[in-house]
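Single-structure report; data block below.
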Amino acid sequence: MSTKQPTAVAVYCGSSIGTQKSYQLAALSLGKSLASSSRPLIYGGGSKGIMGVVSGSVLESGGEVTGVVPWAMVKAGGEGDKGVGVGSRDYHIVLDEKGRERVNTIVVDSMHERKIEMAKRVCGFIGLPGGFGTFEEILEVITWTQLGIHNKPVVLINVLGFYDPLRTLIHSAIRSGFIEPASKRLVLFVDGPPNLLPNATAIPKEDPEWIKAHEEFDWGTAALEALDGWDREVVSRKSPFDWGRRRNAGVGADVDQDEGGLAGA
């Protein structure tokens, strides 16, 4: 009996708004594209920062949103804004917040449970700009594909070259012998509009035309096209680990048990 594959997409992004308008506009674009393509959004449940922008965009466009929030954050009043950005300020996670009643909120017991809950519900992952938490979440789901825990694409929206340092780090690890060259395809970078100054030796991040082009680019459509175009067969290989096996405590035998819905997904 075939199992219906999920169409939802997990989006990792900052709980802060960031310093560039382009970050917010990229989140708006992604939210609209998710809704118009009938792809539910799975995210970390915040209502401000880039998290709030992308989830609000999905809701305003008639889409479906599910937020996964650890109980400790709900009890303590939520995550605080971790940066100084445009309109930056502290905020709280409020369940059933006015104007966001359509968000389906799932409360879990830990950060790790949050990651598993999000990952098992989606067909792939998209990263918008964010901080340490965003970086960690992105790298973990890339690693899960590498290890064969799941087989799902990771797409990074590289607005204003935000994720260029990560790409450089990956290439450095490949040259240094810590990542196989083929594994660079585990993550896809959506770079947006072409460089408007083709003769420049470096990306003109302060050039007004280049910034405007990134503000107007359809990041959402480009990200979903990259997600759908990811070649599972080329990237994946048989894992040496059977993640669906569990040790039977007291007997020492193996028993079949799915890893939170992730193994082989």
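The values are calculated or read from the model by the stated rules, or taken from the named source; none is laboratory data. Owing to the predicted nature of the structure, the values given are computational and were not obtained by experimental measurement. Neighbour counts run over all protein chains shown; Cβ positions are idealised from the backbone, glycine included. Ligands, DNA and RNA are excluded from the accessible area calculation, which covers all protein heavy atoms including side chains. Shrake-Rupley method; radii C 1.70, N 1.55, O 1.52, S 1.80 Å.
Which residue is farthest from Val9 (Cα to Cα), if the candidates are limited to the range 167-193 and must be in contact with a strand residue (DSSP E or B) (Cβ under 9 Å, 6 or more places away or on another chain) and outside any loop (DSSP other than H, G, I, E, B)? This residue is Ile170.
Within the range 160-182, residues that are among the aliphatic types (A, V, I, L, M) reach partners that are part of a helix (DSSP H, G or I) and open to solvent by less than 60 Å² (accessible area, probe 1.4 Å) with beta carbons closer than 6 Å, at six or more positions or on different chains, in the pairs Leu160/Ser22; Leu160/His214; Ile179/Ala173. Out of Lys115, Lys152, one residue alone is without any contact (Cβ under 8 Å) to a residue 60 or more places away in the chain and among the basic types (Lys, Arg). It is Lys115. Of (1) under 26 Å from Met73 (Cβ atoms); (2) aliphatic (A, V, I, L, M); (3) more than 14 Å from the chain's Cα centre (by Cα), Ile174 satisfies all except one. Which? Among (1) under 26 Å from Met73 (Cβ atoms); (2) aliphatic (A, V, I, L, M); (3) more than 14 Å from the chain's Cα centre (by Cα), Ile174 violates only (1).
Contact map, the range 44-70: first residue touching a residue at least 24 places away in the same chain (Cβ under 8 Å) and surrounded by fewer than 23 Cβ atoms within 10 Å (Cβ to Cβ), second residue acidic (Asp, Glu) and assigned to a helix (DSSP H, G or I), Cβ cut-off under 8 Å, separation 6 or more or different chains; pairs are Val68/Glu117; Pro70/Glu113.
Being on the phi < 0 side of the Ramachandran plot, open to solvent by 50 Å² or more (accessible area, probe 1.4 Å) and not β-branched (Val, Ile, Thr) is a description that applies to His171. Among the residues of the range 30-43, those that are open to solvent by 20 Å² or more (accessible area, probe 1.4 Å) and of a type in the set (Ser, Thr, Tyr) comprise Ser36, Ser37, Ser38.
Among residues of the range 211-228 that are farther than 23 Å from Lys152 by Cα and touching a residue at least 60 places away in the same chain (Cβ under 8 Å), those with a beta-carbon under 8 Å from a residue that is assigned to a helix (DSSP H, G or I) and open to solvent by 60 Å² or more (accessible area, probe 1.4 Å) at least six positions away or on a different chain give the pairs Glu215/Lys21. Of all residues in the range 247-263, those satisfying the criterion of being open to solvent by 70 Å² or more (accessible area, probe 1.4 Å) and either part of a loop (DSSP other than H, G, I, E, B) or at pLDDT 75 or above (or both) are Arg247, Ala249, Gly250, Val251, Gln257, Asp258. Annotation: of all residues in the range 107-164 being among the polar types (S, T, N, Q) and more than 15 Å from Leu186 (Cβ to Cβ), the one that is surrounded by the fewest Cβ atoms within 10 Å (Cβ to Cβ) is Ser110.
Restricted to strands (runs of 3 or more DSSP E) entirely inside the range 96-166, those with at least 1 residues that are more than 21 Å from Glu233 (Cβ to Cβ), modelled with pLDDT of 95 or more and in contact with a strand residue (DSSP E or B) (Cβ under 7 Å, 6 or more places away or on another chain) are 124-127, 154-157. Considering every residue within the range 215-223, establish whether at least one is at pLDDT below 95, charged (D, E, K, R) and in a loop (DSSP other than H, G, I, E, B). No: zero hits.
Only residues that are in contact with an Asp or Glu (Cβ under 7 Å, 6 or more places away or on another chain) and under 17 Å from Leu227 (Cα atoms) were counted across the range 147-172, and they come to 1.
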